[in-house]
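This report concerns only the one structure given below.
The values are calculated or read from the model by the stated rules, or taken from the named source; none is laboratory data. These numbers were taken from a predicted model, which means no experiment stands behind them. A quick note on method: Cβ atoms are made from the backbone with ideal geometry, for glycine too, and the neighbour counts reach across all protein chains shown. Areas reflect the complete protein model, heavy atoms only, side chains present, ligands, DNA and RNA absent. Shrake-Rupley method; radii C 1.70, N 1.55, O 1.52, S 1.80 Å.
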Amino acid sequence: MARKAPRHAEAERNDHALLEAAKKVLAVDGAHASVATIAARAGVGIASLYRRYRSKDELFQHLCALSLDQWISAAERGLQHDDPWEGLAHYIGACVEFSGGSLGPLAGTIAVTDEMAAKFTRSEELMRDLVDRAHAAGVLRSDATAMDISLLIEQLGKSPLIEQLDRQGRADLIEAAHNARKRTIAIALDGLRPRHPQLPGTAPSPALLAERWEHTPTDRTRSPERS
């Protein structure tokens with residue numbers, strides 16, 4: 001296999017660092033997160049960043065596409081498990097671990113590109129395959145839907161304790177905090193087993209997540225925001 005050119009490899013490393021930094025900054029600052037803060041946290045120069053991305057929106061669109069790649073990879077690995085429950089549990093655990101849904105604050109603030117839409121569709125298809133397979137095997141409660149699991153991942157991906165300790169620089173407590181979150185995930189996963197009582201209310205519609213990405217363009221006659 002041919003080795004990647006140094007510049008391409010560096011760009012990939014920067015992309016990964018920016019994505020991880022964006023997740024952390026967005027968790028605290030929401031949609032008001034600044035590119036300067038994200039770049040500083042990622043250790044990427046703001047000047048080089050804007051040589052590659054023409055605007056804040058373009059950067060965030062690219063990061064969303066990278067995040068969707070992680071969802072797709074987690075689902076593909078989950079489907080490789082012979083055991084349907086283990087495959088689904090792997091998928092949920094992996095998505096929580098990389099903070100799936102942590103770019104949610106961007107919903108409605110940027111336009112959805114064709115690349116984002118295609119990857120979102122692929123991700124949804126794979127997750128439905130995981131859920132359908134688990135239902136068919138009788139290991140997932142019959143009233144749990146793919147949307148329920150998406151929302152569960154989004155909620156479990158947020159960890160105020162880990163975020164607070166990270167801000168405080170308490171490296172001595174981070175491992176314990178991650179262990180505590182793993183226990184919470186295990187408790188939540190147990191609730192997806194078939195033996196539990198019926199879930200309350202009606203199943204959430206896929207539109208609940210999709211429609212928040214509807215974007216109303218703002219005035220772009222001004223120079224691109226580079227905050």
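Things worth noting here:
- All lysines inside 17 Å of LYS182 as judged from Cα atoms, apart from same-chain residues fewer than 8 positions distant: LYS158
- Accessible area of TRP71 in the full protein assembly, 1.4 Å probe (Å², nearest 10): 30
- For the chain, projected area of the alpha-carbon convex hull averaged over all directions, nm²: 15.0
- P(r) weight above 22 Å for segment 14-144, C-alpha pairs, percent: 42
- For peptides 179-186, 157-164, 125-132, 197-204, sequence by mean Cβ density within 10 Å, most packed first: 125-132, 157-164, 179-186, 197-204
- Anisotropy class of segment 24-81 from Cα gyration tensor, a/c 1.5 cut: prolate
- Mean Cβ count within 10 Å, highest first, over the residues of peptides 12-22, 114-124: 12-22, 114-124
- Sequence-distant aspartates and glutamates (8 or more away, or on other chains) whose Cα lies within less than 16 Å of LYS24: ASP15, GLU97, GLU154, GLU163, ASP166
- List PHE60, PHE98, ordered by accessible area with a 1.4 Å probe, largest first: PHE98, PHE60
- The residues of segment 1-74 have, on average, 54 Å² of accessible surface per residue, using a 1.4 Å probe with all protein chains present.
- Contact order normalised by residue count of the chain, Cα under 8 Å, 6+ apart, percent: 25
- Computed over Cα pairs, the Kirkwood radius of segment 68-182 leads via Stokes-Einstein (1.002 mPa s, 20 °C) to a diffusion coefficient of 140 µm² per second.
- At most 15 other Cβ within 10 Å, DSSP loop - trypsin sites (Lys or Arg not before Pro), segment 35-86: ARG54
- Principal axis analysis of the Cα atoms in segment 95-144 yields extents of 40, 22, 19 Å, listed in decreasing size.
- Dipole magnitude for segment 101-178: about 80 debye, using +1 per Lys or Arg Cβ and -1 per Asp or Glu Cβ, origin at the Cα centre.
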